[in-house]
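The structure under discussion appears below in the form of structure tokens.
The values are calculated or read from the model by the stated rules, or taken from the named source; none is laboratory data. Predicted, not measured: the structure shown is a model, and the values here were computed from it. Please note: Cβ atoms are built from the backbone with ideal geometry, for glycine as well, and neighbour counts cover all protein chains shown.
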Amino acid sequence: MPPAPPADPVPASARPSHVLRPHHVFLLYIFMHGFYAADDEEEENPFPKAFTLALHRLMIREVAEVTPPRSYQAILADIKQAALTADCGPVEDLIVKLGRVGALFATADTLSNFMQALPILFLDRDDEETARFSRRSLFGYFCHRCFVSFTKLAIGGIEKLHQGFIAWVHAGDSPITATTPGYAQVRRDVITNDYQLFKTKQDKTEYADAETYTLFMKGLTTGDSNVANEGLRRFFEQKFHDNSESGLRQHAMLNLARMYFLRRELAACRKTLEEAITASRTAGDNKTLQHCSSLMHRLPPLERGRRPIINEVQPDMHPLEILADVRKLINVQYQQPLSAAFERIVEAIGLYDHYVDVQGGQFIESEQLAQHAVQSIVWGTFGCSKLARIEEDIVTAFSEVGGDDNTRLTVTLNRAYHMARQGKYEESVASLLEPDVWRGLNIADYNLWAAEIWNILALRACRHRKQRQLKEYLMPRRPNTPHSPRDYQWAKEPIGSIIRDPLHEVMLMRMCEQSYASVDQLLTALWHAEYHGRYNLYRTAIILLADVGLEFGMTKWCKRLLDEVMPQIMSEDDREQKAFAQYTLARCIIASGDSSQAALEEAVPLLESAEGAYATIQMFAAECDVLYLLSVVLHNLGNQERRDAMARKHEIAMEMREYCHLEIIEPWVEDVWAIVTDVGAAIASR
């Protein structure tokens, strides 16, 4: 048998060709004037060791090209910073030379002469006189590669390189993009490529690069679908290999479907995924097929009332798809207790460990922290806000600040809304307006961020009874995110929850003083809340049940009902729920004690605590009700001084209530929303 052919020494990830860029010329100039051979006895290094070490570190980072090219001013600033500790004449001379590099290469001939002298950096003249760098070293290979690329240039290519270098030097500290002179893409077809005089086989073939995919990501970030579609099309139309069919059409369709999913264009997403699934099956790409099927399962079912599909754990499934099932399981419409969501989280944790340790999947910190963010949401739904805050603290402590991490953003938004529910409206909005929160967002996450700020302002307007501000100012400016009108106002459109919709009807009937007509709805909501583990809503339903029971004269039973649930309410410390519970319990105590002296005295601390909680969260209408009852109780106790004080507070609260009802626009709310719109405009114009 003939021997096997030798393995290809060139890795598949290596670039088939090299293009000389303006910053390469500057790096070569630094090598020529700032580096000396370590074993050269005739030419000793005149620079201090600290400066030489800093210069080596800088050049290793620039030559490795693991980051995008930097500007001339940025590289020069780093060298000047390293030279501050080196009080040395040769170092100062080097800084002067580097600062005048634009004038030194005033013509293309001077640049050409410099590039032709590069071999002294990597070629040994004889056995005794060695080159400055070894040809196999990182610096020597870089210099040799740049020299070879220069020798292949035509006269027009040298002129373009010189013009690009001069423009790069005078460009300031602006970031380098594909439109920067000297950094445009070089077409490699035989007909139009006049950039090179000598062309190798690789120089005649246009191979794929990542620049067009960058355009797709830019369009995805800024929300420009035209740029995203064009960038994605151009990327997958490139030549990835020598075969006639790329076999990557399913990847293009999957990326397009993900963009539609993020933009909530669900119909387009479903249609694109169907094409991607067909292409994946045709190409025999099981992993892409699994990704497409998992994303299809995230879409809501087309049939009304049909339950969503829960993914089965499979070898090629990503752990985040299991976490995505938790969103389906916490929807009460699908009749699943929260214990099923916790089981799914445990499965996702185990699958993630297997995905990283056994399957060799890429470790991404945000994906590791995703299960903590999901746990915080589930614990909050379960009614254990303290455990939810612990999980949020884990994500906040270990995630990157100021990036595009959706996990950290979700935790930040939930924390801010919880803070707003405790009456800290300005503080919660201020926490979301921190630049570290929004500076790395894409347009999809920006919508979530803006919607959370809108929800906080709407919650404040709802509690203040500022109906005109809500309807005339906030509603026209609501971001394009899922929203239910019943969240902040009395609306006919249902939320779609078998717990919250009945509770909404009960509160509406209570406002109309006809609570007795909603007992069936209240008991239904109470049963579902207990079965599904929504104990926060369960506690609210218990309070409403006690309130309804008072109208039927069941005073002792209502008092016993609230006494059993009060420890949970006090430990949870939701101020609105706690104030409502204390106000209702005080009424139950007074009614069950036949307005006796002892019952009145027992009710006073509860009413005072409820009044303080309502004042903190600025619910002036509810505060007026509590102050009125408290003043009546104090009057019956004979405490006229405190009664008069409560009466004055009641008058002030009534004035605030009327003022808020008429107020439409507040200056600080306008300023906040102006910042939100400016951030959106800045993200869209990146």
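Data table
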item: Failed condition for GLY361, given (1) over 30 Å from TRP527 (Cβ atoms); (2) part of a helix (DSSP H, G or I); result: (2)
item: Test set (1) surrounded by 15 or more Cβ atoms within 10 Å (Cβ to Cβ); (2) over 21 Å from GLN577 (Cα atoms) - SER497 fails condition number; result: (2)
item: Test for LYS424: is it closer than 23 Å to GLU663 by Cβ, touching a helix residue (DSSP H, G or I) at 6+ places or on another chain (Cβ under 6 Å) and among the charged types (D, E, K, R); result: no
item: Verdict on SER431 being touching a helix residue (DSSP H, G or I) at 6+ places or on another chain (Cβ under 7 Å), among the hydroxyl-bearing types (Ser, Thr, Tyr), in contact (Cβ under 8 Å) with a residue 12 or more places away in the chain and surrounded by fewer than 20 Cβ atoms within 10 Å (Cβ to Cβ); result: yes
item: Filtered residues of region 659-671 (kept if at pLDDT below 90 and in a helix (DSSP H, G or I)); result: TYR659, CYS660, HIS661, LEU662
item: Number of the exception - SER339 against (1) in contact (Cβ under 8 Å) with a residue 40 or more places away in the chain; (2) under 16 Å from the mean Cα position of the chain (by Cα); (3) surrounded by fewer than 20 Cβ atoms within 10 Å (Cβ to Cβ); result: (2)
item: Residues that are surrounded by fewer than 16 Cβ atoms within 10 Å (Cβ to Cβ), in contact with a helix residue (DSSP H, G or I) (Cβ under 7 Å, 6 or more places away or on another chain) and under 23 Å from ARG575 (Cβ atoms), drawn from region 468-494; result: GLN489, TRP490
item: Positions within region 653-682 being surrounded by 16 or more Cβ atoms within 10 Å (Cβ to Cβ), under 25 Å from the mean Cα position of the chain (by Cα) and either within 15 Å of LEU474 (Cβ to Cβ) or not hydrophobic (A, V, I, L, M, F, W, C) (or both), in sequence order; result: VAL669, VAL672, TRP673, VAL676, GLY680
item: Flag for SER366 being of a type outside the set (A, V, I, L, M), within 30 Å of ALA228 (Cβ to Cβ), in contact (Cβ under 8 Å) with a residue 12 or more places away in the chain and touching a Lys or Arg at 6+ places or on another chain (Cβ under 6 Å); result: no
item: Evaluation of ASP520 against (1) in contact (Cβ under 8 Å) with a residue 12 or more places away in the chain; (2) not assigned by TED's automatic domain parsing to the domain that holds GLU611 (one fails), failing number; result: (1)
item: Cβ-Cβ under 6 Å pairs, at least 6 apart or on other chains, region 67-83 side of a type in the set (Phe, Trp, Tyr), far side modelled with pLDDT of 85 or more; result: TYR72/TRP168; TYR72/VAL169
item: Close pairs (8 angstrom Cβ cut-off, 6 or more residues apart or separate chains): farther than 19 Å from TYR614 by Cα in region 630-643, outside any helix (DSSP H, G or I) anywhere; result: ASN636/SER595
item: Helices (runs of 4 or more DSSP H) within region 524-611 that include 1 or more residues polar (S, T, N, Q), out of contact with any strand residue (DSSP E or B) (no Cβ under 6 Å at 6 or more places or on another chain) and surrounded by fewer than 17 Cβ atoms within 10 Å (Cβ to Cβ); result: 555-572
item: Helices (runs of 4 or more DSSP H) completely within region 397-515 that count 2 or more residues being closer than 28 Å to GLU265 by Cα and over 20 Å from the mean Cα position of the chain (by Cα); result: 443-464, 500-511
item: Meets criteria (within 30 Å of ASN229 (Cα to Cα) and buried (at least 19 other Cβ atoms within 10 Å of the Cβ)) for ALA348; result: no
item: Of residues in region 274-308 being among the acidic types (Asp, Glu) and at pLDDT 90 or above, the one farthest from MET253 (Cα to Cα); result: GLU274
item: Test: residue in region 239-260 that is within 23 Å of VAL679 (Cβ to Cβ) and either free of Cβ contacts under 8 Å to residues at least 40 places away in the same chain or surrounded by 16 or more Cβ atoms within 10 Å (Cβ to Cβ) (or both); result: yes
item: Selection count, region 292-333, where residues are assigned to a helix (DSSP H, G or I) and either over 14 Å from PHE261 (Cβ atoms) or among the acidic types (Asp, Glu) (or both); result: 10
item: Test: ALA64 is assigned by TED's automatic domain parsing to the domain that holds PHE142, in contact with a Phe, Trp or Tyr (Cβ under 6 Å, 6 or more places away or on another chain) and either small (Gly, Ala, Ser) or closer than 29 Å to GLU159 by Cα (or both); result: no
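Yes or no, residue by residue, for (1) out of contact with any Asp or Glu (no Cβ under 8 Å at 6 or more places or on another chain); (2) of a type in the set (A, V, I, L, M):
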{"position": "ALA546", "(1), (2)": "yes, yes"}
{"position": "GLU551", "(1), (2)": "yes, no"}
{"position": "LEU561", "(1), (2)": "yes, yes"}
{"position": "GLU576", "(1), (2)": "yes, no"}
{"position": "GLY593", "(1), (2)": "no, no"}
{"position": "ALA610", "(1), (2)": "yes, yes"}
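Each row is one residue, and each column tells you yes or no for (1) of a type in the set (A, V, I, L, M); (2) over 25 Å from TYR334 (Cα atoms).
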site	(1), (2)
SER497	no, no
LEU503	yes, no
MET509	yes, yes
GLU513	no, yes
TYR516	no, yes
VAL519	yes, no
LEU523	yes, no
